[in-house]
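What follows draws every value from the coordinates through simple rules; no lab data is involved. What you see is a predicted model, and the numbers here were worked out from it, not measured in a lab. Virtual Cβ from ideal backbone geometry, glycine too; neighbours counted across all protein chains shown.
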Amino acid sequence: MNESTATSGATPGARPVNPLLADEPGARRLLLGNEAIVRGALEAGVNLVVCYPGTPSSEVPDTFRRIGGGGRYRLEYSVNEKVAMEVGAGAALAGALTLVTMKHVGVNVAADPLLTMTYTGLPGGLVLLSADDPGCHASQNEQDNRTYARFAGMPCFEPATAQEAKDMTRDALLLARELEQPVLLRTTTRVNHLRGAVKFGSLGQPAPIVPFERNPHRFVPVPAVARVRHAELVKHLGMAREKAEHSPWNTVRGEGRFGVIASGISRAYLSDALHETGWDDRVKVLDLGMTWPLPEALLTDFLSQCDAVLVLEELEPLLENDVRALAQRNNLPVAVSGKGGALTIYGEYSTQTVTQALADLLGETARLPIACDPETALPVRPPNLCPGCSHRALYYAVRKVFGDDAVYSSDIGCYTLGLLPPLRMADFLFCMGSSVSSGSGFATASGKPTLAFIGDSTFFHSGITGLVNAVFNKHDLIVVVLDNGTTAMTGHQPNPGVVQEVLGNACVHLDIEAVVRGCGVADVVKVRPFNVKSTMKALAEMKERSGVRVIIAEEPCVLYARRTLKKPRNQVAYVAEQGPSVADCLEHLACPAFFRDDTGIHVDENLCGGCMVCLQVADTIKARKRSDA
């Protein structure tokens, strides 16, 4: 998207308005799926956007932040998804049209308030964007959050194109306000990160705030109220089901006695497969874009016109099981197929996968492209810590002090990439903020020295409660807070630990050391990981003590330091002399700025971050070899 494009009618000499904020009905733009979601929310008149960043959802709040909005909406980065959901619920209760965004695993964190706010309802309207990740491109699992739509009782929209991402976001927000019920917008990585042409609608004005009316018998769900509100939720779902029956997002196309029911991104794969095979005229298709509540009358009518039906949906067979049950209840003699063979309950589908499933349905032979020869395939590029990353320096020091005698509890963030050799700084991991709590449990049960690594953003997200618990229960644990000054892995979003100069007037910086001491930890030390010798000294001292000990490793992310803090790279490492110390440095530090060719080991000056940890490591190795001699 061209950010410099000015809107029509702009004042000469005025700063160009971002195209997403342009009131240009009918204009067509090439947008990322996440950018299209932003435009859809703007067209609906969103008042508040609340998030916790997480791939593949991060570009949504980041785009809202980048375009500014000129006062149209308020954007808030929360410390975790539960807080984001509660802030959003409070705002929607007060009458604001609200969008809450997070990745799929974040909904687990937010589930507590979510499953109650569907009982109470929210007059202002709230949409939850759950960005799912089939294939685990950037996640620890690939859970299917359509389950939450059924579990919590939320209407669910599933876009498959950039245009649908825009339009469904708008319609989901408008439906949430109409029904006064939370609505789920469920996307997947392919939808969030695809690019497509998007035709704009009218921008209009921000939605009016719905006046709040006190009603404790609705909004305070003590048991007597909750029982009544559950019945109200069922009634609202009935209203939503009627909407689904006539929704423009649920359509039938094609002819024939073979049917396909598809939801989400599978609809796009199906369209491609039918186009490439020429089987369009042999298949009747029911596209489901509003996938919950099920349009049962529409589905029953569709099933009654088919001899066999294929259900296409990534991950769990939720729709397939519903279709089977619907056919059975209505005594329909239709053969329903879905999961099995090419269609698995894990990973992403593809045009090839769907083509094979169609071929099986039609009794045809699929003409699939020849797979890439493994010998000529592109080389695998494992995930790695950046050159000049302070986490590498810290991990090197930890390995030298503790080696394999200690066990390492890891967490969610860039630092998780330290699991690979030669650092090997991750023995187990569960979820955001789990390193402190699960590390405590492991140390208690095993009696082994245990170090828990947690980043600054993750510490504020959900590490503080684990630390309080460790202090309260007198655990024996070393907690290492890797404070690189930003939420690095998801794109340098703000968190409470970001320096005040960067936060400006919008937010307030919180000092991690003060928070740690406030939790009751007396044994706290700060280190600068790029000073390897002093870092190893602090680690060695902590090793000899017991109880809850906290090391705060403070060094800005190398990319953040350059881009945001404007700190230049003042020096570049180079190999002046080949020798064993250089080879040992490469073997034990494994900085990706190093490379080996026919003439020896060298440093790529374009990659070098200038941290000079390699120089310290090489000097230490030389000194040790001299003393050994």
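Here are some notes:
- For Val283, distant residues with modelled amide H under 5 Å away: Glu255
- In sequence order, calculated HN-Hα J values of the range 337-351 (Karplus, 6.51, -1.76, 1.60; Hz; x Gly/Pro): 10, x, 4, x, x, 6, 9, 9, 9, 9, x, 8, 7, 8, 4
- Candidates Val471, Gly347, Leu429 compared by Cα position along the dipole of the chain: farthest toward the positive end lies Val471, with charges placed on Cβ.
- Note on the chain: Rg/Rh from Cα positions, Kirkwood definition for Rh, rounded to two decimals, is 1.01.
- Modelled FRET efficiency - R0 45 Å, Arg517 with Asp404, Cβ distances, 0.05 increments: 0.90
- In sequence order, the range 565-572 has phi-based couplings of 7, 6, 8, x, 7, 8, 8, 9 Hz under the Karplus curve 6.51 cos²θ - 1.76 cosθ + 1.60, θ = phi - 60°, and Gly or Pro positions carry x.
- Cα gyration tensor shape for the range 526-576, rounded if a/c is under 1.5, else prolate or oblate: oblate
- As a length-normalised measure over Cα pairs under 8 Å and 6 or more apart, the relative contact order of the chain settles at 10 percent.
- Potential extension, Gln571-Leu332 segment - 0.36 nm per residue separation minus Cα distance: 78.6 nm
- A simple spin-label model places the labels of Val468 and Phe595 5.1 nm from each other, with each point 7 Å out along Cα-to-Cβ.
- Straightening the chain between Asp360 and Arg545 buys 60.1 nm, computed as 0.36 nm per residue apart minus the Cα-Cα spacing.
- Peptides 477-487, 455-465 ordered by packing proxy, namely the average of other Cβ atoms within 10 Å per residue, highest first: 477-487, 455-465.
- Relative protection proxy for 316-323, 230-237, from highest mean packing down: 316-323, 230-237 (other beta-carbon atoms within 10 angstrom).
- Nitroxide proxy distance, nm - points 7 Å out along Cα→Cβ at Leu30 and Lys622: 5.2 nm
- The range 56-171: C-alpha gyration tensor shape, a/c 1.5 cut-off, then a/b vs b/c: rounded
- Amide H within-cut-off set for Thr188, under 5 Å, with H built and near neighbours excluded: Asp132
- Restricting the range 502-583 to trypsin sites (Lys or Arg not before Pro) in coil, as DSSP defines it, with at most 15 other Cβ within 10 Å: Arg545, Lys566, Arg569
- The chain: calculated mean residue ellipticity at 222 nm from DSSP helix runs of at least 4, using -39500 (n - 2.57): -11500 deg cm²/dmol
- Under 5 Å between amide hydrogens, built in the peptide plane, is the criterion, and for Glu76 it picks out Val49, Val50, Cys51 among residues at least 5 positions away or on other chains.
- Each peptide among 95-102, 432-439, 581-588, 216-223 gets the average number of other Cβ atoms lying within 10 Å of its residues, and from highest to lowest they stand as 95-102, 432-439, 581-588, 216-223.
- Extension gain from Lys235 to Leu368, taking 0.36 nm per residue of separation minus the Cα-Cα distance: 43.1 nm
- The chain, dipole about Cα centre (Lys/Arg Cβ +1, Asp/Glu Cβ -1), debye to the nearest 20: 1500 debye
- Cα-based shape type of the range 207-348, given that a ≥ b ≥ c are square roots of the gyration tensor eigenvalues and the cut on a/c is 1.5: prolate
- Thr147-Ala506 pseudo-label distance in nm [points 7 Å out on the Cα-to-Cβ vector]: 3.5 nm
- The DSSP beta bridges internal to the chain are antiparallel in roughly 25% of cases.
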